[in-house]
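See structure below.
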Amino acid sequence: MVMADQPVIENLQTLGMSGYEAKAYVVLVAAGQPLNGYEVAKPSGVPRSTVYETLAKLVARGAAYEVRTGDGTIEQLPLPPASLVSRLRLDFDSSLESLEDSLARMAVMPETHLIDNPVGGHHRRGGRRRHRRPAGAVPVRLAGGPLPAQAVGAQGGPGRRGCVGDELR
């Protein structure tokens, strides 16, 4: 293996392969023919004591195939790189969609107290306007822009701030 393979190995690891699996897969791809465990171990740096387990994991994840030769020896052949990338992309996209749906179902709007800014909530001291907060109120800033419509409505318009502990209405 050469240093140019390192980014490929790191990307395969980012997408779920172990370091040994990524190295073994790269060697299988570069060989262009089926290899046995010994033939994978030497150039990949995967210890011979674990290379067969590593190759079995590649087969289990669908990244390689087992090929039985005429003399009964089992060798491995990689899934073509384009097919592997396509499979990883589908798996990744499916996982993201599932995660998005699950997180959306779990999400709970934070409870906030709405404080009236423009009317009577300020006093001047030393020429600066200051906001008075009820005791125990903690200011909340809702990320992503203006307050949601349910937070504005009956409570009095866009000049309001939310505080932890108040309910959105």
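The values are calculated or read from the model by the stated rules, or taken from the named source; none is laboratory data. As the structure is a prediction and not an experimental result, all values here were calculated from the model. So basically every Cβ, Gly included, is an ideal-geometry build from the backbone, and we count neighbours across all protein chains shown. Side chains are part of the model used for accessible areas, which takes the heavy atoms of the whole protein and leaves out ligands, DNA and RNA. Shrake-Rupley method; radii C 1.70, N 1.55, O 1.52, S 1.80 Å.
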Condition first: more than 20 Å from LEU90 (Cα to Cα) and either open to solvent by less than 60 Å² (accessible area, probe 1.4 Å) or modelled with pLDDT under 95 (or both). Now tell me which residues in segment 1-20 satisfy that. MET1, VAL2, MET3, ALA4, ASP5, GLN6, PRO7, GLY19
So which pairs qualify, if the first residue must be in segment 59-78 and within 26 Å of ASP91 (Cα to Cα), the second must be open to solvent by 60 Å² or more (accessible area, probe 1.4 Å) and part of a loop (DSSP other than H, G, I, E, B), the Cβ gap must be under 9 Å, and the two must be at least 6 apart or on different chains? LEU77/GLN33
Close pairs from segment 25-38: first closer than 17 Å to ARG68 by Cβ and touching a residue at least 12 places away in the same chain (Cβ under 8 Å), partner of a type in the set (S, T, N, Q) and surrounded by fewer than 23 Cβ atoms within 10 Å (Cβ to Cβ), Cβ under 7 Å, at least 6 apart: ASN36/THR73
Do we find that VAL46 is within 25 Å of the chain's Cα centre (by Cα), crowded, with 18+ Cβ neighbours inside 10 Å, among the aliphatic types (A, V, I, L, M) and at pLDDT 95 or above in this structure? no
Please verify whether segment 87-110 includes one or more residues that are under 28 Å from the mean Cα position of the chain (by Cα), closer than 17 Å to VAL29 by Cα and either at pLDDT 95 or above or open to solvent by 60 Å² or more (accessible area, probe 1.4 Å) (or both). yes
Subset of segment 53-86 (residues that are open to solvent by 60 Å² or more (accessible area, probe 1.4 Å), over 23 Å from the mean Cα position of the chain (by Cα) and not hydrophobic (A, V, I, L, M, F, W, C)): GLU53, TYR65, GLU66, ARG68, GLY70, ASP71, PRO80
